[in-house]
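Please treat every number below as a calculation from the coordinates, not as lab data. These numbers come from a predicted model, not from an experiment. Note: ideal-geometry Cβ built from the backbone for every residue, glycine included; neighbour counts use all protein chains shown.
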Amino acid sequence: MVGHLQMEYRGQLELRQVPRAGRLDHHALHADRFPLPPDLSEEEEHQGRFERNRSGYYSTFVAMCLLDITQTAVHGDLFHPIWYVPFVGQYAVLAGAGLIAHRRGYNRFFAWYQLITLLVWALVARRFLVGNTMTA
């Protein structure tokens, strides 16, 4: 009951005027006349969305790592530099493990591992391994 309107759900939403709706009493409110479909709780809905996003992220990540390795092999630079395949391969293996392990702790581990290793790679290791060949 909303104001002077009564709403019913029977395959579609119907609104109609309720007689004597100025006075709300136990005869005016018919809660059993609203057979709404059962909703998932907010937590269950969030968990389902999280699982779809998690598996989509890990699957996409594995695919991108494999495509990157394939593209590098096509260009003939698969083992130049020698640490390329292990570096990209570790991320593909860990993301593949994330598809199998349905644990929140593993998701946190992978997120932190990815953040820390990529920052160390971008800010420290790459300068020593590559040297000045990038700037020349």
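Residue exposure proxy: VAL124, VAL93, ordered by other Cβ atoms within 10 angstrom of their Cβ from fewest to most, comes out as VAL124, VAL93.
Summing Lys and Arg as +1 and Asp and Glu as -1 over all other residues whose Cβ lies under 15 Å from the Cβ of GLY98 gives a net charge of +4. Available extension along the chain between LEU78 and HIS46 is 7.4 nm, counting 0.36 nm per residue and deducting the alpha carbon span. Ordering of 72-81, 59-68 by packing is 59-68, 72-81, highest average first (other Cβ atoms within 10 Å, averaged per residue).
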